[in-house]
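Here is the structure we will look at, set down as structure tokens.
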Amino acid sequence: MEWIRSWVFYAHELGYLPDMFQYAFLTNALVSALLIGPLLGVLGPLVVVKRLAFFSEAVGHGALTGVALGILLGEPATEPFVTLFAFCVIFALLLHWIKSRTSVPYDALVGVFLSFAIALGAALILFVAKRVNVHILENVLFGSILTVRDLDIWVLLGIAAILTLLLGFKGNRATLSSLSPELAMTQGIAVRLYDYIFVLIIALVTVASVKVVGAILVGALLLIPATAARLMSRNAREFVLYSVLISTLSCVFGILLPMAGALPIPSGAAIVMLASASFIFALAIRRWRAIL
């Protein structure tokens, strides 16, 4: 990562970049945004199609509990990765496992898990607040570009590599199992296995995005760009491309605008507000097409 920061600093010294690029943490945040945007943009359409929006929201809220547990168990307050990822992955897989073995409606089941995660996180915050600065927890909730470190970027790169390999080798099978499980089963595709892999990927990407977007808002970024893309797209290819474009632009400008002073709010809030603006724009485009 050091060579990227050196290149950006050199470009700033030559006058090609504004003064805010003299700060190394901004380069880290932008690199992470360029990774998070495409990741969430690719997963978003499948989340919309499979109606898992509420699920991703539950995993995001579970991140707060994972951070609190990590701090209580002695992990660094800024990088409680082991407990954070472990709790959220177990949380997601357990939720999906119970879903396949109960007749409870899925939205109700997710609501139960979401309520549990929030309640447990709220209970643990009382103990964590005695050990660390409470602003660290605020950063987890709403995101902060100041907290993005090299390790966070390497984690995102690892997840991006895994997702790229899965899409490259098993993308068609995974898409078919999501869009038409019955047809996929007739083709000999292990639909249940792909469901668990998809749930696992959502959990990993959601948790890895928490530092920039925030635990409360990361589920929204997984959903809103894909929903806006669905309104504008005419086919599946456009659906994915528009989702990736909206998600990536929202992440990049959601970081740059607060730094420039145009939006004096946390990065997570700025990112989701820009994504929401794209949704309104998509509604207008759809209405305009209907009139024509």
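The values are calculated or read from the model by the stated rules, or taken from the named source; none is laboratory data. Owing to the predicted nature of the structure, the values given are computational and were not obtained by experimental measurement. Here the Cβ positions follow ideal geometry from the backbone for every residue, glycine too, while neighbour counts run over all protein chains shown.
Just to be sure I understand, how many residues within the range 60-86 are part of a loop (DSSP other than H, G, I, E, B) and either touching a residue at least 60 places away in the same chain (Cβ under 8 Å) or under 20 Å from G158 (Cβ atoms) (or both)? Please lay out each step first, then the result.
Looking only at the range 60-86, we keep the residues that are part of a loop (DSSP other than H, G, I, E, B), and these are 73-80.
Next, only the ones that are either touching a residue at least 60 places away in the same chain (Cβ under 8 Å) or under 20 Å from G158 (Cβ atoms) (or both) stay: 75-76, 78-80.
Total meeting the criteria: 5.
Put simply, of S247, S276 the only residue that is crowded, with 21+ Cβ neighbours inside 10 Å and under 22 Å from F55 (Cβ atoms) is S247. Checking the stated criteria, G219 turns out not to satisfy the condition of being in contact (Cβ under 8 Å) with a residue 12 or more places away in the chain, at positive phi and not hydrophobic (A, V, I, L, M, F, W, C).
Could you check, for the range 42-53, whether at least one of its residues is in contact (Cβ under 8 Å) with a residue 60 or more places away in the chain and touching a Pro at 6+ places or on another chain (Cβ under 7 Å)?
Within the range 42-53 (the criterion being in contact (Cβ under 8 Å) with a residue 60 or more places away in the chain and touching a Pro at 6+ places or on another chain (Cβ under 7 Å)), the answer is yes, since at least one residue qualifies.
Please go through the range 1-50 and pick out each residue that is modelled with pLDDT under 80, surrounded by fewer than 19 Cβ atoms within 10 Å (Cβ to Cβ) and aliphatic (A, V, I, L, M). Answer for the range 1-50, where residues must be modelled with pLDDT under 80, surrounded by fewer than 19 Cβ atoms within 10 Å (Cβ to Cβ) and aliphatic (A, V, I, L, M): M1, I4, A11, L14, L17, M20, A24.
Taking only the range 105-135 into account, find how many residues are among the β-branched types (V, I, T) and exposed (fewer than 12 other Cβ atoms within 10 Å of the Cβ).
Let us first name the residues in the range 105-135 that are among the β-branched types (V, I, T), namely 110, 112, 118, 125, 128, 132, 134.
Applying the additional criterion that residues be exposed (fewer than 12 other Cβ atoms within 10 Å of the Cβ) yields 134.
Result for the range 105-135: 1.
A residue that is surrounded by fewer than 24 Cβ atoms within 10 Å (Cβ to Cβ), of a type in the set (A, V, I, L, M), assigned by TED's automatic domain parsing to the domain that holds L151 and closer than 14 Å to L200 by Cβ can be found somewhere in the range 75-86.
Please specify each residue of the range 87-126 satisfying the condition of being in contact with a Lys or Arg (Cβ under 8 Å, 6 or more places away or on another chain), free of Cβ contacts under 8 Å to residues at least 60 places away in the same chain and either outside the structural domain of L193 (by TED's automatic domain parsing) or more than 21 Å from L64 (Cβ to Cβ) (or both). Result: Y106, single match.
So, restricting to helices (runs of 4 or more DSSP H) that lie completely within the range 159-253, which ones have at least 2 residues that are modelled with pLDDT of 80 or more? Break it down into steps so the answer makes sense when it comes.
Details: elements: 181-186, 191-208, 210-213, 218-232.
It comes to 191-208, 218-232.
Scanning the range 144-179 for residues that are among the small types (G, A, S) and either surrounded by 14 or more Cβ atoms within 10 Å (Cβ to Cβ) or outside the structural domain of P76 (by TED's automatic domain parsing) (or both) yields S144, A160, G171, A174, S177, S178. All conditions but one from (1) without any contact (Cβ under 8 Å) to a residue 24 or more places away in the chain; (2) surrounded by 20 or more Cβ atoms within 10 Å (Cβ to Cβ) apply to V210; the one that does not is (1).
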